[in-house]
Amino acid sequence: MEKILKTELKTSVLKAFGSSGGGYISQGQAYETDNGRVFVKINHKPQARKMFEGEMASLEAIQKTNIVRVPQPIKVIDLPGGGAMFVMEYLKMKHLNKYSSKLGEQIADLHLYNQKLGEKLRKEGNTIGKGASYSEFQYVDKFGFHKATCCGYIAQVNEWQSDWPSFFIRHRLQAQLDLIEKDYGDREARELWSQLKVKIPEMFSDVEIVPALLHGDLWAGNVAEDDSGPIIFDPASFYGHSEFELAIAGMFGGFSSSFFSAYHSKIPKAPGFEKRNKLYQLFNYINHWNHFGTGYRGPTINVMRKLLK
Ligand SMILES: Nc1ncnc2c1ncn2[C@@H]1O[C@H](COP(=O)(O)OP(=O)(O)OP(=O)(O)O)[C@@H](O)[C@H]1O
Ligand SMILES: [Mg+2]
């Protein structure tokens, strides 16, 4: 493996440092190389390349906005026996603490980035007609992403769709519930879902949703800071509803209230926020049920019932 890394990274020095860490999904190891420090994630599953390509595309998309710091992605490399490695810039990370509200601001700016591009394009369109600058800006007017991404180890379809509730119902909730059906055949979940599904569109009747570039898995284990500011990593990005991002951040702790207040001073809560927040929590509970088993069945059923009230 180290031989492949040396060849692929064109480095004569490859010296492991720090402790090799296992995330829940992949193994991680940091190395010194001729070109600086890198962090390598290794995964032996057959779908590892797809998973890492989704992560790499996500990091590139976030990086392009120049708003919030992410590790510079470098390369996805196949492993000879199956699986893959993902090489990125090593960043020395500490727990998010000092820069919590700064991160709140940056995530809001990330979410507003595409909308602002759209506004800029419209303004230019009104004053100077179809200028050459049109092609420079890549305003996205649909929900989805150009690559599949993984949430945990579950592959997610990101096919572009013009309507957010349809995208979210089909490619997020339904996709996760299909796996529950396959593994557990849970009747109660199936019945609650059939009632809930038809009620979702009305939760969106009062909001206008502009596609926002999301990190996509913004829980406390995927945020950090260094001396210069916040860092986010391990994204599963897509263009979606900004509120989706806040659900997981609020569910499992790790984000102080200063994160949320800084965020909402830039993006205030829209009417119906709390109910939709529950809906987005539902996605995370089902996803946890799929990843960690029946301990998450109760919370899933619970939140479905609450949403039906
Ligand atoms: N670029 C990096 N530089 C230094 N350390 C990193 C870097 N990326 C990740 N790490 C370390 O490795 C840990 C796991 O990373 P990451 O979340 O990307 O792995 P994962 O296996 O996909 O995730 P999870 O454990 O969330 O399922 C992080 O908590 C962090 O300590
Ligand atoms: Mg992670």
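For the chain, a simple Cβ point-charge model (Lys and Arg +1, Asp and Glu -1, everything else neutral) yields a dipole of about 240 debye relative to the Cα centre. Exposed loop sites, defined as GluC sites (Glu not before Pro) outside DSSP H, G, I, E and B with at most 16 other Cβ atoms within 10 Å, are absent from the longest region of the chain, namely 1-135.
The distance linking segment 216-245 with segment 251-307 is 15 Å (Cα centroid to Cα centroid, whole angstrom). Across the protein chains, with a 1.4 Å probe defining accessible surface, the residues 170, 49, 187 rank 187, 170, 49 from largest area downward.
For a 18 Å ceiling on Cα separation, which of these pairs sit above it: 3/41; 142/275; 199/309; 10/75; 275/306? Long pairs (Cα-Cα over 18 Å): 142/275. Counting only aspartates and glutamates at least 8 places from residue 147 when in the same chain, those with an alpha carbon closer than 17 Å to its own are 53, 55, 60, 159, 217, 234. With K and R counted +1 and D and E -1, the other residues having a Cβ less than 15 Å from that of residue 105 yield a net charge of +2.
Fraction of C-alpha pairs exceeding 19 angstrom in segment 12-93: 39 percent, rounded to a whole number.
Taking a ≥ b ≥ c as the square roots of the eigenvalues of the Cα gyration tensor, the chain is oblate, since a/c reaches 1.5 or more and a/b is not larger than b/c. Candidate cross-link partners of residue 94 among the aspartates and glutamates, defined by an alpha-carbon separation under 14 Å and a same-chain spacing of 8 or more, comprise 225, 226, 227. Computed over protein heavy atoms with a 1.4 Å probe, the accessible surface of the chain works out to 49 Å² per residue.
The accessible surface of segment 12-93, taken with every protein chain in place and a 1.4 Å probe, is 51 percent carbon and sulfur. Averaging the Cα positions of each part gives two centres, and for segment 27-94 and segment 167-189 these lie 30 Å apart. When the surface is traced with a 1.4 Å probe over the full set of protein chains, residue 171 keeps roughly 20 Å² accessible.
The values are calculated or read from the model by the stated rules, or taken from the named source; none is laboratory data. The structure presented is a predicted model; accordingly, all values stated were derived computationally and were not measured. Cβ coordinates were reconstructed from backbone atoms using ideal geometry, including for glycine residues, and neighbour counts include every protein chain displayed. Please note that ligands, DNA and RNA were not included when accessible areas were found on the heavy atoms of the full protein model with its side chains. Shrake-Rupley method; radii C 1.70, N 1.55, O 1.52, S 1.80 Å.
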